[in-house]
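In what follows, a single structure is set out as structure tokens and then discussed.
The values are calculated or read from the model by the stated rules, or taken from the named source; none is laboratory data. The structure displayed is predicted, hence computed values, not measured ones. Every residue, glycine among them, receives a Cβ derived from its backbone with ideal geometry; neighbour counts consider all protein chains shown. Ligands, DNA and RNA are stripped out before the accessible areas are found, and what is left, the full protein with its side chains, is counted by its heavy atoms. Shrake-Rupley method; radii C 1.70, N 1.55, O 1.52, S 1.80 Å.
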Amino acid sequence: MNSTRRSGTLVLSLVLLLLLAACAGKQPRIEPVAPVAPEAQVEQAEAAAPVGYFDPHNHLSGVLPWPAYANLPAYIKQLQGKGAGVSTADKLRFYTWLAEEWYPDNAAQYENWPFSSSLRFGLGARATLALYPPEEDMDPAVLDGALERIYTATPFTEFDSAYAFHKPANVWLDENYYDNDRAALNDDLCTAQVLELARTDIIDSEQSISFVGGWRFDDAGYSPKLHAVLCAARRPQELSETLAELEQPVPRVRSILMTHTHELGQNEAGNGFLTYEHTGQCHWEALPQGIRLSPEQMYYALLGGNKRGQSIIPPEERLAFYDALAGIDTAAPEMTCFSDTGMAYYQRLVDAVYQAAKVRREAGWEGKLLVHTHVGEGFSVYYAQQPPLQPWSFESVFAEVPALAGNVIANSEVAHDNISMLLAAIAEIRATHPDLDRYVVIRLGHVTHADLQQAKEMARLRVEADVNLDSNLSTGAWGFADMPQRKNIAKRVAAAAADPATNFELNSLTDFLMPDAADADTVAGVLGTYPLKYLLMANVRVMLGTDGAGIEHSSMPREYALADSLIRYWKKHDQAFARAAGDVDVKIFRRNADWHLANMVSNEAPEY
């Protein structure tokens, strides 16, 4: 991106940021300044920028690190500076319950099956419970390693399995700390999530919340999902005094409601979808009807209604609800092969968001709605080619990384093709909605397997992107075959896996491979061909995200450090990059974040 465009971008950012002052309860991110030259405006904007990060790609249920699920009240006290946190005894009690009560009750139905979309408790996580039985004098390092393997994305455990294990964790917390009061548990989860965001210097966040099943009100009129949306918006201010005492920022959290990726591969009848999950090649399987969400239902949800359009928000709280709910997301493990019918469904989704934004404007709300779509990430199913026979042993399950042993099902070509299909659908949407940019912001999440031509098409279509470097390594979306130094890396990883004394070091693959995120040569050996390069070369408005720090071994400071290393490396070693984006530096991600945040609260359609 040339310096002229960068300067012009900041001028536009400043103008848009000042529009925030017109919104009730909001303040501009940058104070008004006297007229000065464009380059001076750039410097002033950077100097006035608040300390902290915007995380554009985060999942609310992925914010908390795994110890929080052993003893949430103790974890909250630690975040508040009032306690020592979760003890080893707490962890062992929780792990013992998982291994001796929860797992035996469920083992028969899971048998020796690998992860599947209908069985989200991955084999690697279940094997951990079997191979590391809890003992009274269990080594704390082994205990921590085992729980981390179950509750995070590792080379042995799928990230969606880590999310699935939140269900038994919530049962544990309910029974042991909340007297089976799920509303009280959800309230504390909200508090902990906000405190964790503040602790990790996230000052703005767009948090995805699964909306499968709709709002799901119980007989008492309580909806955990509606509570999550409203609490995430309100709790930061309610905790402002606590955060001030801790000298931490008050984060601003807005929610986006998730539909399911499988629907982007559906057939005309709506009862099947294309997937490579069990074979590695695209084929039709039954589409679970429980995951379906109609565009009409999403339209009503964005306006504060149930699936029949009946209001669930009091009229006096409607504008506050609109501020809390920023749009929609589409996500799931990307084992789906997108279809023409799925793309037609996507177009109807975007139209529903577009129409909802117009209705919101008529009600006096200002701003745009976001359509965020996970695409191009892909997914690897571990232990899928030949699940290890039971009884499991360390040698049969963990001594080899499944991806290095070829014991996975994956297809990165599908991820690449899905990007092309989605961009074609967006082009059609723009043709039918010439004023789309006044009401809707479209952003693609991950685009891990994008090429330069696709990046150029994103820029032409004025589509944002977010990349999640640590996450893509943790989940295997960016696999060993993608790494420039894959042969040397594979040897290191294989040696660590084979030794029980070092095996748990692989839980956080990104830290194992790149202990110093500022070491450009080492980072390039892992991520040197990562398509962030193409996004920057094509002038795509790209941002950095964590994808859920508690699951993905990620953090915003590390994302920026990794991206900075890559940019420095590419400038030095890649002539094509140097020609196309030679004046880009790591500050571009903050500028794009500020531009996005300002654009989301504006009624205008600024130049991309």
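For the chain, what Kirkwood radius comes out of the mean inverse Cα-Cα distance, in Å?
Radius from the Kirkwood sum: 24.8 Å.
Could you work out the mean projected area of the convex hull around the alpha carbons of the stretch 454-527, in square nanometres to one decimal?
5.9 nm²
Suppose a student asked you for the relative contact order of the stretch 76-225, using Cα pairs under 8 Å spaced at least 6 residues apart; what percent would you report?
For the stretch 76-225, the relative contact order is 20 percent.
Would you please calculate the Kirkwood hydrodynamic radius of the stretch 182-266 over all C-alpha pairs and express it in Å, rounded to one decimal?
Result for the stretch 182-266, one decimal place: 14.0 Å.
Considering only DSSP beta bridges with both partners in the chain, what is the antiparallel share in %, to the nearest 5?
25 percent
Loop-only trypsin sites (Lys or Arg not before Pro) in the stretch 306-394, please: DSSP not H, G, I, E or B, and at most 12 other Cβ atoms within 10 Å.
Filter output for the stretch 306-394: R308.
Pairs of Cα atoms under 8 Å, at least six residues apart: use those to get the relative contact order of the chain, whole percent.
For the chain, the relative contact order is 18 percent.
Need one number: the % of Cα-Cα pairs in the stretch 93-150 sitting beyond the 19 Å mark.
26 percent
May I ask you to compute the full-extension gain from A89 to A183, defined as 0.36 nm times their residue separation minus their alpha-carbon distance, rounded to one decimal in nm?
31.2 nm
Quick one: dipole size for the stretch 505-608, taken about the Cα centre, charges +1 on Lys/Arg Cβ and -1 on Asp/Glu Cβ, in debye to the nearest 20.
Computed about the Cα centre, the dipole is about 380 debye.
Find the Rg to Rh ratio for the stretch 328-368, where Rh is the Kirkwood radius over alpha-carbon pairs and Rg uses the same atoms.
1.14
Taking the Kirkwood radius as the inverse of the mean 1/r across Cα pairs, report the Rg/Rh of the stretch 236-376.
Taking Rh as the inverse mean 1/r over Cα pairs, Rg/Rh reads 1.08.
Which of the lysines could be linked to K77 by a straight reach, that is with a Cα gap under 19 Å, when you skip same-chain ones fewer than 8 residues away?
K91
Under a cut-off of 16 Å between alpha-carbon atoms, report the lysines in cross-link reach of K368, not counting same-chain residues fewer than 8 places apart.
The reachable lysines, counting only those whose Cα sits under 16 Å from K368, are K26, K358.
Where a Cα-Cα gap under 16 Å defines reach, which lysines qualify for K571, not counting those fewer than 8 residues away within the same chain?
Straight-line reach from K571, under 16 Å: K533, K587.
If you project the alpha carbons of the stretch 93-228 onto their three principal axes, what span does each projection cover, largest first, in Å?
41, 35, 30
Diagonalise the Cα gyration tensor of the stretch 234-307 and give the resulting equivalent ellipsoid semi-axes, square root of 5 times each eigenvalue, largest first, whole Å.
Sorted largest first and rounded, they come to 40, 18, 7 Å.
If N is the number of residues in the stretch 361-459, what value comes out of its Cα radius of gyration divided by 2.2 N^0.38 Å?
Expressed relative to 2.2 N^0.38 Å, the Cα Rg reads 1.63.
Let me know the charge dipole size of the stretch 215-307 about its Cα centre in debye, to the nearest 20, where only the beta-carbon of Lys, Arg (+1) and Asp, Glu (-1) is charged.
200 debye
Contour minus end-to-end for L119 and A399, with contour as 0.36 nm per residue of separation and end-to-end as the Cα-Cα distance?
So the chain would gain 98.4 nm between L119 and A399.
Would you rank V408, V171 by solvent-accessible area, highest first, keeping every protein chain in place and using a 1.4 Å probe?
Order by accessible area, largest first: V171, V408.
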